[in-house]
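Structure first, commentary second.
The values are calculated or read from the model by the stated rules, or taken from the named source; none is laboratory data. Keep in mind that this is a model prediction, so the values were computed, not measured. As a convention, Cβ positions derive from the backbone with ideal geometry for all residues, glycine included, and neighbour counts pool all protein chains shown. Accessible surface is based on the protein model in full, side chains and every heavy atom, while ligands, DNA and RNA are left aside. Shrake-Rupley method; radii C 1.70, N 1.55, O 1.52, S 1.80 Å.
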Amino acid sequence: MLVSRTADHLETLAEEIRGAGGSCEVEPCDVGDGEALAAMVDRVADKHERLDILVNNAGINRDGLLLRMSDEDYDQVMQVNLRSAFVTCRAAARPMMRNRYGRMINMASVTAIRGNPGQANYAAAKAGMIGMTKTIAKEFAAKGILANVVAPGFILTDMTEALGQNIVDEATKQIPARRMGTSEEIASVVSFLASEEAGYITGQVVVVDGGMSC
């Protein structure tokens, strides 16, 4: 199940998954709407009679220096980046407990660990996600539910490419590996944490940043 506020751009990905032999559905939902988001999780779990894996990957940024950051920009980032993950984890915990099996994987950021000028709201939300996930891990490990965090560094995406080559070059200088990561490298870590091979890993933060935060 792929979830986004607008489902149109996910159809291409869904078709790729189906073309590779998998099955996939697309569900439109505004993750900033907690009530609608919880209802969507319940609907999916009821339809399939189980919910095994949850990946919280939604995120926005409203960057600005602390003295110029509005309450609205702070609150909106917290709502979408942190509260949505709280809502989905809480909703997913119930069907996972029924089957005594579950994987919750929350996408944070290296910014949560090292901070970043102009991102007080974003860093706070992602740091909150780490603390929340560690707490979830302690609460549910005995019930067969594992919760972990993936914290990417600079990753090549449409968003980073839009920054311009000069900014990308300057960012790359901060990375010991001297390159940005790829979405495939992040996906491989998520896939591992969702697998049976990661069955004894919970409450951990896996940093994927080319050494930037070490």
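If you go through the stretch 102-113 one residue at a time, do you hit one that is surrounded by fewer than 18 Cβ atoms within 10 Å (Cβ to Cβ) and without any contact (Cβ under 8 Å) to a residue 60 or more places away in the chain?
Scanning the stretch 102-113 turns up no residue that is surrounded by fewer than 18 Cβ atoms within 10 Å (Cβ to Cβ) and without any contact (Cβ under 8 Å) to a residue 60 or more places away in the chain.
Residue under question is Thr160, and the condition is that it be over 23 Å from Ile17 (Cα atoms), polar (S, T, N, Q), within 20 Å of the chain's Cα centre (by Cα) and modelled with pLDDT under 95; does it hold?
yes
Kindly check whether there is at least one residue in the stretch 39-54 that is open to solvent by less than 70 Å² (accessible area, probe 1.4 Å), over 24 Å from Gln119 (Cβ atoms) and in a loop (DSSP other than H, G, I, E, B). The answer is yes, given that some residue of the stretch 39-54 is open to solvent by less than 70 Å² (accessible area, probe 1.4 Å), over 24 Å from Gln119 (Cβ atoms) and in a loop (DSSP other than H, G, I, E, B).
Taking the stretch 112-197 and the helices (runs of 4 or more DSSP H) fully enclosed by it, the elements with 2 or more residues that are farther than 17 Å from Ser213 by Cβ and of a type in the set (A, V, I, L, M, F, W, C) are at 120-140, 165-172, 183-193.
The set of residues in the stretch 1-28 that are among the polar types (S, T, N, Q) and part of a helix (DSSP H, G or I) contains only Thr12.
Okay, residues lined up against (1) touching a Lys or Arg at 6+ places or on another chain (Cβ under 6 Å); (2) more than 30 Å from Ala142 (Cα to Cα); (3) free of Cβ contacts under 8 Å to residues at least 24 places away in the same chain:
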residue	(1), (2), (3)
Gly153	no, yes, no
Asp158	no, yes, yes
Glu170	no, yes, yes
Glu184	no, yes, yes
Ser191	no, no, yes
